[in-house]
1. Considering only residues of segment 21-52 that are in contact with a helix residue (DSSP H, G or I) (Cβ under 6 Å, 6 or more places away or on another chain) and closer than 17 Å to A132 by Cβ, which is surrounded by the fewest Cβ atoms within 10 Å (Cβ to Cβ)?
2. Within segment 102-127, how many residues are in a helix (DSSP H, G or I) and touching a strand residue (DSSP E or B) at 6+ places or on another chain (Cβ under 6 Å)?
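Values in this text are rule-based calculations from the coordinates and carry no lab data. Quick caveat: nothing in here was measured; it's all calculated off a predicted structure. Using ideal geometry, Cβ is built from the backbone for each residue, glycine included, and neighbour counts are taken over all protein chains shown.
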Amino acid sequence: MKTIVFVCLGNICRSPMAEFVMKNLTDQLIIESRATSSWEHGNPIHRGTQAIFQQYHIPYNSQKTSQQITLETAEQADYIIGMDSQNIADLKKMLPERLHTKIHPFTTHSVPDPWYTGDFEETYRIVKEGCAVWKNRLL
């Protein structure tokens, strides 16, 4: 089974949203999410993302907390999917060049960070569409 890791800055908004939306779409992939930073390490999924999960009846692990991507996680992944161009750049700085072929953008455009925009609905719409594209691409 292929392993994918969605990555955003803090792993409390966009990447866990992508993780659980994708898990809701398929059980044929191993799906995780991580952060490029340690800023939110150990913090729970943002209440705005949890509200989206509840509104759209998306099962999620309420005990999940933010984790930074590690070399071990990156080596085990088949695809490391950055939610925006800055995440992609950070991943390429953090990880050895031999792993750069695993790094991919989530979409052709950056997924807006609702931590800053406050618009979790817009982010959900983009994440839902992007996850459907990734599912079709990988399965």
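1. That would be T26.
2. 1
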